[in-house]
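What follows is one structure encoded as structure tokens, with my remarks underneath.
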Amino acid sequence: MAVSTYHGHPLGVYLQVLLILLGALTVRLCVSMWGYSGQGKPPMFGDLEAQRHWMEVTVNLPTSEWYVQTDRNDLQYWGLDYPPLTAYHMMLNGKIALRVNPQLVALNVSRGIEDADAKVFMRATVLLMDALFFLPAVAAYFLLQQPKVQPGNDFFGFVAVLAIYPGLILIDNGHFQYNNISLGLLVLATLAIAQRRDFIGAVLFCCALNYKQMELYHALPFFAYLLGSCFRTTLTAGLKKLVSLALIVLVTFAATWFPFLWTVESALAVVQRLFPVKRGLYEDKVANFWCSVSVLIKFKEKFADSDMALICLSVTSICLLPSFLHLLKNPTIRSFHYALINTSLVFFLFSFHVHEKSILLAAIPACLVVKSDPFAVVWFLLISVFSMLPLLLKDGLLIPTLATTGLFWLIVTHLLNPTRQVSPQARKIFTLSLLIAVCMVLATLFIPPPKRFPDIFPLLISIYSCGHFFIFAGHFHLRQFGRESFLLSTSNSDGHFDSAYDASESAVPNGNNDVRKSPKEILNASKVKHRKHQK
């Protein structure tokens with residue numbers, strides 16, 4: 001009996017993926033019923049109020065007032081500081097709010113509104129983007145890159161890792177943000193690159209960058225890969241592609257920024273809101289280098305913010321070079337995927353003004369390489385959630401954190417079992433790592449901190465997580481460079497998982513397998529073929 005298929009997959013595969021996505025959406029709905037950033041904490045409240053206020057501003061004021069201080073727009077009260085695409089999205093939500101309940105976005109008088117209608121509406125706007133955008137992007141990423149789903153090949157585990165990753169759920173549906181849009185655009189842009197649709201990938205990434213400026217964490221890999229691909233072909237074709245990419249980027253940015261380009265002052269007003277220097281080196285106890293070494297060196301006291309910003313820029317730039325130069329010279333899909341993780345981790349560890357939740361910018365790209373690196377990816381994802389524990393506790397999200405992390409581990413273990421082919425030594429280190437993390441969670445919950453050191457437990461969590469992130473950064477760099485790491489499983493060492501990358505690198509549209517090769521490589525390949533023919 002013939003089995004119905006669609007794009008090479010049996011319909012049963014789509015049904016199982018749909019069930020995973022519905023389960024992920026249900027988890028998000030459950031988390032949405034808990035607390036959020038700044039709940040009941042006037043006068044500024046938190047991120048939910050910030051996003052609601054942006055709806056209020058964009059739906060009531062002309063674009064000329066969105067990013068500037070006016071009598072009707074007080075920038076000291078959650079002034080808009082995200083790029084134009086976020087502003088347009090908030091305006092769309094605001095117009096819907098006007099139809100549902102105009103009081104939700106009434107100019108100035110709606111500040112701090114926390115009634116049931118406001119909570120339900122704001123939560124629904126995030127869930128809608130999850131259902132209509134992020135989760136479909138997850139499904140598309142894995143379905144379009146899996147030639148054939150066979151029983152027991154871990155495919156559904158790969159989908160589950162990204163769909164039910166607790167970090168994103170807890171921040172978007174708990175703490176409250178719209179990372180699902182910018183990160184969903186990143187996933188689609190990465191998919192387009194993997195499918196050799198470089199122009200589409202460039203447009204999608206420009207949209208991601210124009211939704212959240214934090215996507216700059218991923219800008220260098222896109223730049224290096226696309227520029228490197230221009231060098232890996234003939235001179236004429238390379239120049240044509242380079243000019244086309246430049247025009248695509250310019251047109252996308254011009255279209256997005258169009259209302260703000262009429263005067264230099266209006267454009268500068270947006271830029272100044274997007275990149276303020278006065279916010280400090282980091283927020284709270286973030287698991288990066290500067291916060292961790294603050295126990296020994298008080299950088300915040302020794303340097304002015306402007307000087308510290310330059311120091312961070314210098315250190316970050318130096319640490320970015322190895323991954324960037326390698327990708328520029330070797331623009332393969334595998335190198336590109338790992339470079340996304342590496343650059344975002346370097347930015348998180350060393351850049352200026354880092355949030356705890358910025359680790360999501362490294363976690364989502366890590367989910368995209370789970371097929372080739374399941375053990376390291378799952379371990380990294382668990383530690384990334386642990387690193388945000390102080391923030392999540394502040395928002396009253398302890399139970400959702402424990403529940404989603406436990407559910408994630410159970411599902412991933414059942415569908416993927418990432419430790420099954422790991423060496424005994426690596427498994428012991430992994431187990432010890434998580435046991436120490438659990439002990440630190442228990443200490444945070446049940447042991448009162450000394451009066452002299454009230455932030456001792458959040459700081460210890462930050463330092464412990466930071467140490468892990470340095471190890472993971474080393475591992476993912478080695479993976480990008482094609483070297484082995486102690487975190488590698490047996491399958492990775494013998495190339496089983498990496499065979500998918502090997503296949504994708506040769507799968508070039510129109511059968512032109514030489515478009516990613518340099519002229520010298522093409523000539524060498526031709527000589528090899530000629531020798532085989534002679535034999």
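Quick one: of K119/K300; K41/K212; K240/K357; K300/K428; K371/K428, which pairs are farther than 31 Å apart, Cα to Cα?
From the list (K119/K300; K41/K212; K240/K357; K300/K428; K371/K428), the Cα-Cα distance tops 31 Å for K119/K300; K240/K357; K300/K428.
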Estimated inter-spin distance, L274 and L29, nm [label 7 Å along Cα→Cβ]: 3.7
List K394, K428, K212, ordered by accessible area with a 1.4 Å probe, largest first: K428, K394, K212
Phi-based couplings in Hz for region 110-117 (Karplus 6.51, -1.76, 1.60; Gly and Pro marked x): 8, 4, x, 4, 9, 6, 4, 4
Helix 264-274 vs. the chain, principal-axis angle (Cα, 0 to 90°, nearest 10): 90
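May I ask you to derive the FRET efficiency for L410 and L128 from their Cβ-Cβ distance with R0 = 30 Å, giving the value to the nearest 0.05?
Result of the calculation: an efficiency of 0.60.
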Positive-end extreme of charge dipole, region 326-457 - chosen from S423, I341, L392 (charges on Cβ): S423
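Figure the gain on full extension for L11 and E265 (residue separation times 0.36 nm, minus the Cα-Cα span) and round it to one decimal in nm. Can you show the working numbers first?
Values: separation 254, 0.36 × 254 = 91.44 nm, distance 5.48 nm.
Gain on extension, L11 to E265, equals 86.0 nm.
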Contact order relative to length of the chain, as percent, for alpha carbon pairs under 8 angstrom and 6 or more apart: 17
Distant-in-sequence amide H partners of V354 (H built 1.01 Å from N, under 5 Å): Y282, E283
Per-residue SASA entry for F199, accessible area with 1.4 Å probe, Å² rounded to 10: 90
0 to 90° range, to nearest 10: angle between helix 305-329 axis and the chain longest Cα axis: 20
At R0 = 45 Å, FRET efficiency that the Cβ-Cβ distance of F481 and E114 yields, to 0.05: 0.35
Helix axis angle, 179-194 relative to the chain longest principal axis, alpha carbon, degrees: 10
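What size of dipole, in debye to the nearest 20, comes out for region 105-153 about its Cα centre when the only charges are +1 on Lys and Arg C-beta atoms and -1 on Asp and Glu C-beta atoms?
Around 200 debye, computed over region 105-153.
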In Hz, Karplus ³J(HN,Hα) per residue of region 462-471 (6.51, -1.76, 1.60; θ = phi - 60°; x = Gly, Pro): 5, 5, 5, 5, 4, x, 4, 5, 5, 5
Within the chain: Cβ-based charge dipole about Cα centre, in debye rounded to nearest 20 (Lys, Arg +1; Asp, Glu -1): 1660
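The values are calculated or read from the model by the stated rules, or taken from the named source; none is laboratory data. Just so we're clear, the structure is a prediction, and the values are computed from it rather than from any experiment. Note that each Cβ is placed from the backbone with ideal geometry, even for glycine, and that neighbours are counted across all protein chains shown. In case anyone asks, the SASA skips ligands and DNA or RNA and just uses the protein heavy atoms, side chains included. Shrake-Rupley method; radii C 1.70, N 1.55, O 1.52, S 1.80 Å.
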